[in-house]
Amino acid sequence: MAMHGMRKKASPSPSPSPAAAVVMALVLSSAVAAVCGQPQPAGKQTAANNPRLQRAYVALQALKRAITEDPKNLTRGWCGPDVCAYFGVFCAPAPDDPHALTVAGLDLNHGDLAGTFPEELGLLSDLALLHLNSNRFAGGLPESLPKLHLLHELDVSNNRLSGGFPQHILCLPNVKYVDLRFNNMCGPVPPAIFDKPLDALFLNDNHFDFELPENLGNSPASVVVLANLRLRGCIPQSVGRMAGTLNELVILNAGLRSCIPQEVGWLRELTVLDLSFNQLQGHLRAAQPPQLHLLVQLLLHGAAALPRHPPHRRPPELHRRPPRPAPRRPVPRLPPPPAAALRRARLLRPAALLGGQLLDRARRVGGRGRETAGAARPRRRGRDL
């Protein structure tokens with residue numbers, strides 16, 4: 001009864017698992033690199049022999065696919081298993097294993113890249129610096145952001161990010177520098193952000209609409225910029241608790257309709273105070289202004305008068321910005337504000353995290369001469385600040 005003319009129907013072959021596909025891609029990319037005259041040196045760590053770099057390879061390739069426009073071809077060379085050679089990627093010994101390399105920094109500032117952030121970015125679990133300012137990324141930050149438990153500096157300013165405040169920032173235990181300025185984010189800002197041990201917080205030039213919380217004074221930040229927002233309520237009296245840390249406070253053109261708390265006079269470390277273009281009123285007690293002995297820049301247009309900087313102190317030189325196109329939403333045309341808070345973006349002391357080794361290495365100048373130190377000040381679009 002055998003039917004010799006019939007062939008047995010072949011069963012479909014199972015599709016490879018994602019992990020197998022990644023390994024296969026790495027093997028092929030290694031072969032391609034060798035064929036192209038780029039053999040891997042013996043003992044060199046790549047995604048083919050280092051699990052940390054393998055995860056980074058998956059994350060970076062996902063980011064490359066999510067980028068829809070790359071006019072400067074920054075990611076054109078993102079191929080092959082040697083992720084530490086990718087443009088803008090910086091590697092360092094892992095904090096828990098000095099013999100294993102890991103991706104510690106990603107700097108694509110001023111790249112004019114368009115796209116979105118993929119969830120695979122959470123695979124960069126050893127990342128300490130994430131600098132992506134002055135691009136055209138849209139949407140929101142990935143849900144996997146809390147997996148970056150070593151992240152120290154987050155700069156996604158001057159993009160096209162939208163939606164509410166990225167709550168996942170609250171889950172980053174080591175973050176010290178948060179820069180979300182010049183985006184399209186809206187809604188309230190959670191008071192818990194002021195309980196984070198941040199050194200600098202830039203939220204200006206978004207569509208955030210919230211009341212300044214009473215726990216504002218809990219923040220140990222040295223720089224707080226809340227300009228060109230939609231704020232309500234009063235500057236809380238708790239601001240006096242920032243006397244030992246706050247250097248620069250900028251809340252200009254934020255819609256405040258309240259008085260200036262007398263506790264502002266306690267901010268003995270304050271060098272820049274800009275509360276201009278609000279409807280503030282009030283005064284400070286005569287005994288308190290002398291505490292502001294470091295104050296060198298003061299803008300309180302239409303608000304209470306405070307003593308200017310002492311005659312023997314010269315204000316720092318400010319950058320004069322060129323005129324900008326019409327703003328995205330109606331705001332008064334402002335004179336150049338004290339730019340110290342925005343231009344400084346000073347280097348954070350890396351000793352606060354992992355003995356400084358990871359951040360020190362991530363901040364070094366890469367082979368292409370690109371510096372990751374600090375958060376490069378983003379280009380301004382639309383509004384002046």
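Taken together, the values in this text are just the output of simple stated rules run on the coordinates, not laboratory data. Fair warning: this is a prediction, and the values are worked out from it, not measured in the lab. Methodologically, a virtual Cβ is constructed for each residue, glycine included, from the backbone with ideal geometry; neighbour enumeration extends over all protein chains shown.
So here's what we get for this one:
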item: Net charge of neighbours whose Cβ lies under 13 Å from the Cβ of ILE235, counting Lys and Arg as +1 and Asp and Glu as -1; result: -1
item: Stretch gain in nm, segment ASP96-ALA192, where the contour uses 0.36 nm per residue and the Cα spacing is subtracted; result: 31.6 nm
item: Sequence of LEU216, LEU267 once ranked by neighbouring C-beta atoms within 10 Å, starting from the fewest; result: LEU216, LEU267
item: Virtual spin-label span in nm between ARG257 and ASN49, 7 Å along Cα→Cβ; result: 6.8
item: Other-chain or far-sequence residues with amide H under 5 Å of MET185's (modelled H); result: HIS207
item: Net charge contributed by nearby residues that have their C-beta within less than 14 Å of THR46 (K/R +1, D/E -1); result: +2
item: Net dipole in debye of the range 137-217 [+1 Lys, Arg Cβ; -1 Asp, Glu Cβ; about Cα centre; nearest 20]; result: 240
